[in-house]
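Working notes for the structure below.
The values are calculated or read from the model by the stated rules, or taken from the named source; none is laboratory data. For clarity, every value in this text was computed on a predicted model and none was experimentally measured. Cβ placement follows ideal geometry from the backbone for every residue including glycine, while neighbour counts extend to all protein chains displayed.
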Amino acid sequence: MSTPIEVDLPHQLGVAGARTRIEGGFEKLAGYIPGGHVSEHRWDGDTLHFVVEGMGQRVAVRLDVTDRNVHALFELPGLLGMFGEQLRAKLQKDGPKLLA
């Protein structure tokens, strides 16, 4: 069973600007999981879907980009679900840096 973690990251970049910043830095999110790396990614319109693998786990991530917000959804599998609140806090603190 997975535990969803959702975080909103407001910005003033517009869709194109936010997409450019995300494209240049979303792989940094893999570092939130020890030994994590992005194993696949694809854009579907203004939504980025990617998978982070680490600690023998696969985390599905979706970033929905709008003019003023990026909505991040992380599906944490079993073991990693225990760290959901710590991950949410780190994303809220460090996530805006990805858009800076």
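Values computed for the structure shown
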{"item": "Which numbered condition LEU87 fails, given (1) loosely packed, with under 15 Cβ neighbours inside 10 Å; (2) within 17 Å of THR3 (Cβ to Cβ)", "result": "(1)"}
{"item": "Selection from the range 1-45 of residues that are outside any strand (DSSP E or B), closer than 15 Å to PHE74 by Cα and either of a type in the set (Gly, Ala, Ser) or within 11 Å of the chain's Cα centre (by Cα) (or both)", "result": "SER2, PHE26, GLU27, LYS28, LEU29, ALA30, GLY31, TYR32, GLY36"}
{"item": "When residues of the range 1-50 are limited to those that are touching a residue at least 40 places away in the same chain (Cβ under 8 Å) and of a type in the set (Asp, Glu), the one surrounded by the fewest Cβ atoms within 10 Å (Cβ to Cβ)", "result": "GLU6"}
{"item": "Residue tally, condition under 13 Å from the mean Cα position of the chain (by Cα) and loosely packed, with under 14 Cβ neighbours inside 10 Å, over the range 74-84", "result": "0"}
{"item": "Filter result for the condition that a residue is farther than 24 Å from HIS11 by Cα, modelled with pLDDT of 90 or more and not in a loop (DSSP other than H, G, I, E, B), over GLU75, GLU53", "result": "GLU53"}
